[in-house]
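Below is one structure, written out as structure tokens, with a few remarks after it.
The values are calculated or read from the model by the stated rules, or taken from the named source; none is laboratory data. From a predicted model like this one, the values you see are computed outputs, not experimental measurements. Neighbour counts are summed over all protein chains in view; Cβ atoms, including those assigned to glycine, are modelled from backbone coordinates with ideal geometry. Surface areas here come from the heavy atoms of the whole protein model, side chains and all, with no ligands, DNA or RNA. Shrake-Rupley method; radii C 1.70, N 1.55, O 1.52, S 1.80 Å.
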Amino acid sequence: QVQLVESGGGLVQAGGSLRLSCAASRSMFIINRVGWYRQGPGKERELVATIALGSSTNYADSVKGRFTISRDNAKNTVYLQMNSLKLEDTAVYYCTLRWAGSDYWGQGTQVTVSS
């Protein structure tokens, strides 16, 4: 079992920044890829970014150049730095990883971007 706890969401004006954190209950040194997904109002859940153990990253086109995913394996934590936020970034953001053949998700953290 792996527990994931996201934090850092909140209300921010368009153009602003937020940093999300995801703390895992197991060592990140043994977990390859970790990702952030989001689900906006009335939308399906979509991939935002992923990062592998070797720090290679992958981003959705909609966030490239604005969001940065990173991980601190010693702290069992993954981060999502979000800059130049847009109204359409409003969503619940979820952290996820796969371990021992199962997918684990956090409870989500709400990000609301206002005009």
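Excluding ligands and nucleic acids, what accessible area in Å² is computed for Glu6 using a 1.4 Å probe, to the nearest 10?
Glu6 exposes around 10 Å² with every protein chain in place.
Work out how much length Leu47 to Arg98 would gain on full extension: take 0.36 nm times their residue separation and subtract the Cα-Cα distance, in nm to one decimal.
16.9 nm
Count charges around Trp105 for me, please; just the other residues with Cβ under 10 Å from its Cβ, Lys/Arg as +1, Asp/Glu as -1.
Neighbour charge sum, excluding Trp105 itself: -1.
Once fully extended, how much extra length lies between Lys64 and Gln81, figured as 0.36 nm per residue of separation less the alpha-carbon to alpha-carbon distance?
5.0 nm
Among Tyr37, Ser27, Thr68, pick out the residue whose Cα is farthest towards the positive end of the charge dipole of the chain, where Lys and Arg carry +1 and Asp and Glu carry -1 on C-beta, about the Cα centre.
Positive-most Cα among the choices belongs to Ser27.
Under the definition of Cα pairs under 8 Å and six or more residues apart, what whole-number percent is the relative contact order of the chain?
Relative contact order here is 37 percent.
List every residue whose amide H lies under 5 Å from the amide H of Leu85, counting only residues 5 or more places away in sequence or on a different chain, with H placed 1.01 Å from N in the peptide plane.
HN-HN under 5 Å from Leu85: Gly15, Gly16.
Taking the Cα centre of the stretch 20-115 as origin, sum charge times position over the Cβ atoms of Lys and Arg (+1) and Asp and Glu (-1), and report the length of that vector in debye to the nearest 20.
180
Solvent-accessible area per residue for the stretch 1-95 at a 1.4 Å probe radius, Å²?
50
Carbon and sulfur atoms: what percent of the 1.4 Å accessible area of the chain do they account for?
47
Got a sec? Which residues in the stretch 1-43 would a label at Ser56 touch, if it sits 7 Å along Cα→Cβ and we count backbone N under 15 Å?
The answer is 32-34, whose backbone nitrogens lie closer than 15 Å to the label point.
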